[in-house]
């Protein structure tokens, strides 16, 4: 139980600092008397007009998700690329180079099949 005391102290200190910052902001912050326009949206010096609810096409979200998926792919490939020299140097390791190559081929083939699927479904067409 004593090994958790530093963690509990840090959690307690962090919560005290967070609550203190919120209270200081509430006490010392400017209190507006005009509550009518206080919560009105305002951007770039131009008052808003019309409805703020605009429908976007789903393709934009799918395109963004595909970008994130293939961007994260680079993060997963980075450790292999950095340690490639050590993997193939012949030094005794827990993982053999054959396992690394097999995992890499499986990973890239799954991502490539996802790219082919998205391409055939037409998600990569920007209109």
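Quick note: the coordinates plus some simple rules give every number you see, no bench work behind them. Since this is a predicted model, take the numbers as computed values, not measurements. Backbone-built Cβ (ideal geometry, glycine too); neighbour counts: all protein chains shown.
At-a-glance table
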| read-out | value |
| --- | --- |
| Footprinting exposure proxy for 63, 56, 88 (fewest neighbouring C-beta atoms within 10 Å first) | 56, 88, 63 |
| For the chain, the fraction of alpha-carbon pairs in successive 5 Å shells from zero, as % | 2, 7, 8, 8, 7, 7, 8, 11, 13, 11, 8, 5, 3, 1, 0 |
| Gained length - residue 11 relative to residue 101, 0.36 nm times residue gap less alpha-carbon distance | 28.1 nm |
| Inter-site label distance for residue 123 and residue 26 at 7 Å from Cα along Cβ, in nm | 4.5 nm |
| Spin-label proximity, residue 110 to region 54-79 - amide N less than 20 Å from point 7 Å beyond Cα toward beta carbon | 65-79 |
| Angle between the chain longest axis and helix 97-121 axis [Cα atoms, degrees, rounded to 10] | 60 degrees |
| FRET E, pair residue 62, residue 18, Förster distance 30 Å, beta-carbon r, rounded to 0.05 | 0.20 |
| Choice from 16, 69, 99 with maximal GNM fluctuation in the chain (Cα, 10 Å cutoff) | 16 |
| Cα-based convex hull volume of region 61-121 per residue, rounded to whole Å³ | 71 Å³ |
